[in-house]
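Below is one structure, written out as structure tokens; comments come after it.
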Amino acid sequence: MKKKNKIPNHIAIIMDGNGRWAKKRNLPRIFGHKEGAKSVREITQACVKLGVRYLTLYAFSTENWKRPKNEIKFLMRLLKEYLNNERKTLIKNNIRFKVIGNRNKLARDIIKKIEETEELTQKNTSLTLIIALNYGSRDEIINAVNEIIKDIKNGKLVKEKISENIFKNYLYTKDIPDPDLLIRTSGEMRISNFLLWQIAYTELYVTKTLWPDFKAKDLMKAIYEFNKRERRFGGI
Ligand code: FPP
């Protein structure tokens, strides 16, 4: 990629198409997820190398609980394995790890592993890797509204002071800048309840490539396309 290509500060990805990847090979859907976890590793490494500062990956939505029990169980196992096996690599690569989403519905052992990994990597300074887990943007916004009501009741916040800047501090992403580029794999043209507030001025890039096939060269292509866009943020 040419040197003058600007690297987005924050890339968010809707990792879609694992099931279709498996179906094309006459394999059960879970094989697609397993292969998708390999793309997670490759794209994370590529972001570190390119100097991307934030990478947010949509791993499990608040709606994904509607999937068959076996698939949910497998996805949770995959996440646990990821947390067990990747911790060393995260530390070695100076990556800060964070999870956004509603933790209430997650199993105790997964919550514990998430908290440990967040703590162990909190001072790391290269990429911040954010996994959206049991994440839904509407749920995040409702949660923010409830927290705001609580703070008004206990005197920490005056209702006349609510502004965009105050509101965003109540979202799961409070310390994270808005994404510059949102990538969705597998060709679907929708947002699926992902970062609705945060993507107000984000550039969207949809590719037909299925997530397990999405590798470093595909990320480069997305960044190249991003560089062709003229971002005006509502100005002229
Ligand atoms: C969407 O494909 C993918 C998911 C809902 C799960 C994403 C999970 C991973 C990539 C693996 C593990 C993640 C980490 C962070 C280790 P789909 O199943 O909706 O595919 P389809 O639309 O083709 O059916």
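The values are calculated or read from the model by the stated rules, or taken from the named source; none is laboratory data. If you're wondering where the values come from, they're calculated on a predicted model, not measured in any experiment. Ideal geometry is used to build each Cβ from the backbone, glycine not excepted, and the neighbour counts take in all protein chains shown.
General remarks:
- All conditions but one from (1) among the charged types (D, E, K, R); (2) more than 8 Å from the ligand (Cβ to nearest atom); (3) in contact with a Leu (Cβ under 8 Å, 6 or more places away or on another chain) apply to Lys88; the one that does not is (3).
- Residue in the range 209-225 that is at pLDDT 95 or above, closer than 22 Å to Arg138 by Cα and not in a strand (DSSP E or B) present: no
- Among the residues making up the range 1-42, those that are within 10 Å of the ligand (Cβ to nearest atom), in a helix (DSSP H, G or I) and not charged (D, E, K, R) are Asn18, Gly19, Trp21, Ala22, Ile30, Gly32, His33, Gly36, Ala37, Ser39, Val40.
- When residues of the range 43-65 are limited to those that are part of a helix (DSSP H, G or I) and more than 12 Å from the ligand (Cβ to nearest atom), the one nearest to Leu83 (Cα to Cα): Gln45
- Selected residue (criterion: surrounded by the fewest Cβ atoms within 10 Å (Cβ to Cβ)) from residues of the range 100-157 that are closer than 16 Å to Asp175 by Cα and acidic (Asp, Glu): Glu119
- The range 188-210, residues that are over 25 Å from Tyr172 (Cα atoms) and touching a residue at least 40 places away in the same chain (Cβ under 8 Å): Glu188, Thr209, Leu210
- Count - residues of the range 141-173 that are farther than 21 Å from Gly101 by Cβ and not in a helix (DSSP H, G or I): 7
- Total residues in the range 17-45, condition of a type in the set (S, T, N, Q) and in contact with a strand residue (DSSP E or B) (Cβ under 7 Å, 6 or more places away or on another chain): 1
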